[in-house]
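Just below is one structure, and these are the notes that go with it.
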């Protein structure tokens, strides 16, 4: 069964450094998402992406975040200057469409630790 | 503001019994509600979706109910097994009509052999 993949599984970085988290969505999916989950907290929506542009973003997704689809398969989340509070699991997800009936397929996540 | 509440205390049950998890919400009338399973260190896995005009949905040993008057959904796992042990997340569509789910914090289920 096709699945969303994410790399790396764990990223450790120093505060102030830039990180890029990578995702390969399911190949025929058109809508891509990033979520984050701080340890012990709920899964929170960051941003959705369709047709090479951001469709929707949350208040968490401020100027330090950016997303890109650099080629036909990868979908990346960049955090420009990491803060301690950015430490969390980051999940990529994809859907075929963006209707209520469409299942969101989540990747296994990248654990980001900011020191 | 929109609020989703799931019991933060873990639910411990014996194998073979029915597990029932609760999701309550306030200040919103969602068009749909979803349930996901999340294992430690992994991403959520979609289980079931129920729409506002549906009272009940079943899938194998899983059953979801949706009471829009009570603003509550119940998630049942019948004949529970230790392999069902996980955190179960309730999710509603975001206010304003977006189809992006807003998640509750989840309830941990532990099934003892």
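The values are calculated or read from the model by the stated rules, or taken from the named source; none is laboratory data. These numbers come from a predicted model, not from an experiment. Glycine also receives a Cβ, built like all others from the backbone with ideal geometry; neighbour counts cover every protein chain displayed.
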Query raised in the report: Take the residues of the range A:69-89 that are at pLDDT below 95 and under 12 Å from the mean Cα position of the chain (by Cα): which is surrounded by the most Cβ atoms within 10 Å (Cβ to Cβ)?
Result: A:69
Report task. Of the numbered conditions (1) in a strand (DSSP E or B); (2) within 19 Å of residue B:46 (Cβ to Cβ), residue A:42 fails exactly one; give the number of that condition. Result -> (1)
Requested in this report: Specify the residue that is farthest from residue A:112 (Cα to Cα); the eligible residues are those in the range B:27-38 that are facing another protein chain (nearest Cβ under 10 Å) and modelled with pLDDT of 95 or more.
Outcome: B:36
**Report entry** Single unsatisfied condition, residue B:41 versus (1) modelled with pLDDT under 95; (2) surrounded by 12 or more Cβ atoms within 10 Å (Cβ to Cβ); (3) not in a strand (DSSP E or B)
**Finding:** (2)
Query raised in the report: Can you tell me which residue in the range B:50-85 is surrounded by the fewest Cβ atoms within 10 Å (Cβ to Cβ), limited to those that are at positive phi and touching a residue at least 12 places away in the same chain (Cβ under 8 Å)?
Result: B:79
Query raised in the report: Can you find even one residue in the range A:19-37 that is more than 21 Å from residue B:44 (Cβ to Cβ) and either at pLDDT 95 or above or not in a loop (DSSP other than H, G, I, E, B) (or both)?
Result: yes
**Report entry** strands (runs of 3 or more DSSP E) enclosed by the range B:49-113 - at least 2 residues per element that are over 28 Å from residue A:97 (Cβ atoms) and within 14 Å of chain A (Cβ to nearest Cβ)
**Finding:** B:107-112
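Out of all the residues in the range A:65-91, which are within 12 Å of chain B (Cβ to nearest Cβ) and in contact (Cβ under 8 Å) with a residue 60 or more places away in the chain?
Within the range A:65-91, A:90, A:91 qualify.
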Query raised in the report: residue A:62 passes all but one of (1) away from every other protein chain (no Cβ under 14 Å); (2) touching a residue at least 40 places away in the same chain (Cβ under 8 Å); which number fails?
Result: (2)
Query raised in the report: Quick one: residue A:94 ticks every box in (1) surrounded by fewer than 21 Cβ atoms within 10 Å (Cβ to Cβ); (2) more than 9 Å from chain B (Cβ to nearest Cβ); (3) closer than 16 Å to residue B:46 by Cβ bar one, so which box is it?
Result: (1)
